[in-house]
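Only one structure is covered here, and it is reproduced in the block below.
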Amino acid sequence: MNRDVLQGKWKQLRGRAKQQWGKLTDNQLQQVNGSYDQLVGLLQEQYGYSMDQARMEVDNFIKNQDVNSNMSR
């Protein structure tokens, strides 16, 4: 899954993102609307992550979704 797919599947992934980052509210996740950059910024704001750390978190989240979708096939 890449960043574009993240945006396309955001409604399905929003619940998983909520589980991953419990400090994020439903409203915040709705506003992100699958935007990689907005999600990175939100993690920086809510968790105090550096830009690199926030990007790594989101990249790992995306990779994890790839693994899960491949396992369900």
- [ ] Hey, can you tell me all the residues within region 50-69 that are touching a Leu at 6+ places or on another chain (Cβ under 9 Å) and either in contact (Cβ under 8 Å) with a residue 60 or more places away in the chain or not in a helix (DSSP H, G or I) (or both)?
- [x] Ile62, Gln65
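Mind counting the residues in region 43-56 that are out of contact with any helix residue (DSSP H, G or I) (no Cβ under 6 Å at 6 or more places or on another chain) and not small (Gly, Ala, Ser)?
Final tally of qualifying residues: 7.
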Open item on the list: So the check is Cβ under 9 Å with 6+ separation or different chains; which pairs have a first residue in region 36-49 that's without any contact (Cβ under 8 Å) to a residue 24 or more places away in the chain and a second one that's hydrophobic (A, V, I, L, M, F, W, C) and surrounded by fewer than 16 Cβ atoms within 10 Å (Cβ to Cβ)?
Closed with: Val40/Met51; Gly41/Met51; Gln44/Met51; Tyr49/Met56
Task: Count - residues of region 3-33 that are farther than 18 Å from Asn64 by Cβ and not in a loop (DSSP other than H, G, I, E, B) - done: 5
- [ ] Kindly list the number of the only condition in (1) in a loop (DSSP other than H, G, I, E, B); (2) at pLDDT 95 or above; (3) surrounded by 11 or more Cβ atoms within 10 Å (Cβ to Cβ) that fails for Leu42.
- [x] (1)
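The values are calculated or read from the model by the stated rules, or taken from the named source; none is laboratory data. It should be emphasised that the depicted structure is a prediction, and the values quoted were computed from it without experimental measurement. Here the Cβ is made from the backbone with ideal geometry for all residues, glycine too, and neighbour counts use every protein chain on show.
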